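Quick notes on the structure that follows.
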Amino acid sequence: MVKAKRKPLEEIKQAIQDYTRVLNIGCGGCVSVCLAGGQKEVNLLNAKLNLVLKNDNRATRVDGFTVERQCNEAFLADLDARVARYDGLMSMACGAGVQLLAERYPDKPVFPAVNTIAIGIDRQIGVYEERCRACGECVLGYTGGICPITRCAKGLFNGPCGGTNNGNCEISKDIPCAWQDIYNRLKAQNRLDDIKKIKPAMQWQNQTRRLVVQDEYASRYKDK
């Protein structure tokens with residue numbers, strides 16, 4: 001799941017202070033689950049912003065509205081009539097949601113209110129751990145389900161560096177070496193031959209504006 005964290009209040013205030021009416025748009029998807037951009041967070045941020053702006057004698061006022069998912073155009077139709085009443089938009093969705101809003105309403109400035117920080121897992125409420133960078137070259141099937149890109153400090157694809165020490169990473173004795181963990185898991189599964197499968201260098205050029213279309217929808221999308 002995508003993880004995000006709210007930007008500092010002062011940064012958000014500076015971004016919107018030259019606009020009179022701003023609509024803060026929340027998202028009921030990932031950012032809602034990680035307590036960064038759902039309806040509750042929209043209400044809390046708006047209350048703080050309106051108070052600060054009033055104290056600064058700014059004419060800016062912020063309203064709120066939350067859609068089910070900002071990354072899907074089908075859920076943005078409810079915004080069309082509302083957006084016309086505002087001269088600025090603010091988004092509490094991930095970077096994908098911000099970009100889709102900006103694409104749908106090109107005549108309105110869109111300001112992100114959160115920083116998208118990771119694709120990760122929930123450890124407990126408010127505690128998340130990055131586990132995926134959507135690199136497009138997934139090797140989890142060969143590494144025992146442990147991602148060497150996010151877990152290894154150097155993102156090494158083919159085994160550990162020379163700095164591993166007693167099973168820990170060289171950057172900190174409190175961080176386990178990802179490749180030691182990969183070795184241990186593959187050994188426990190009797191799959192150590194997989195660790196010998198050399199992977200080519202990451203094709204980072206594939207990361208540039210990559211369009212992902214699931215196979216079952218590919219022909220339908222092409223017809224459009």
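The values are calculated or read from the model by the stated rules, or taken from the named source; none is laboratory data. As the structure is a computational prediction, the values presented were derived from the model and not from experiment. Cβ: placed from backbone, ideal geometry, glycine included. Neighbour counts: every protein chain shown.
Considering (1) touching a helix residue (DSSP H, G or I) at 6+ places or on another chain (Cβ under 6 Å); (2) not assigned by TED's automatic domain parsing to the domain that holds Q39, say which one G141 fails and leave the rest.
(1)
Condition test on C135, is it surrounded by 15 or more Cβ atoms within 10 Å (Cβ to Cβ) and within 30 Å of Q180 (Cα to Cα)? Even if it seems obvious, please write down each step before you answer.
Working: surrounded by 15 or more Cβ atoms within 10 Å (Cβ to Cβ): yes; within 30 Å of Q180 (Cα to Cα): yes.
Yes, satisfied.
Only residues in the range 75-101 that are assigned by TED's automatic domain parsing to the domain that holds C27 and in a loop (DSSP other than H, G, I, E, B) count as the first member; pair them with residues that are among the hydroxyl-bearing types (S, T, Y) and surrounded by fewer than 16 Cβ atoms within 10 Å (Cβ to Cβ), Cβ under 6 angstrom, at least 6 apart or cross-chain, and list the lot.
Going by the 6 Å Cβ cut-off, the qualifying pairs are D87/T20.
Would you check if there is a residue in the range 34-41 being under 18 Å from the mean Cα position of the chain (by Cα), among the hydrophobic types (A, V, I, L, M, F, W, C) and crowded, with 23+ Cβ neighbours inside 10 Å?
Within the range 34-41, one or more residues are under 18 Å from the mean Cα position of the chain (by Cα), among the hydrophobic types (A, V, I, L, M, F, W, C) and crowded, with 23+ Cβ neighbours inside 10 Å.
Determine which member of the set A113, A47 is in the same structural domain as K7 (by TED's automatic domain parsing) and crowded, with 18+ Cβ neighbours inside 10 Å. Step through it out loud before you land on a result.
Numbers: A47 fails: crowded, with 18+ Cβ neighbours inside 10 Å.
None of the other options fit; the residue is A113.
Out of D80, D63, report the one residue that is modelled with pLDDT under 95 and of a type in the set (D, E). Spell out the reasoning first.
On the way: D63 fails: modelled with pLDDT under 95.
The match here is D80.
Which condition number in (1) of a type in the set (A, V, I, L, M, F, W, C); (2) on the phi < 0 side of the Ramachandran plot; (3) without any contact (Cβ under 8 Å) to a residue 24 or more places away in the chain is the one that A134 fails?
Condition not satisfied by A134: (2).
State whether the residues of the range 104-125 include one that is assigned to a helix (DSSP H, G or I) and farther than 30 Å from M202 by Cα. Steps first, answer last, please.
We begin by selecting, within the range 104-125, every residue assigned to a helix (DSSP H, G or I); these are 104.
Filter again for farther than 30 Å from M202 by Cα, leaving 104.
Within the range 104-125, one or more residues are assigned to a helix (DSSP H, G or I) and farther than 30 Å from M202 by Cα.
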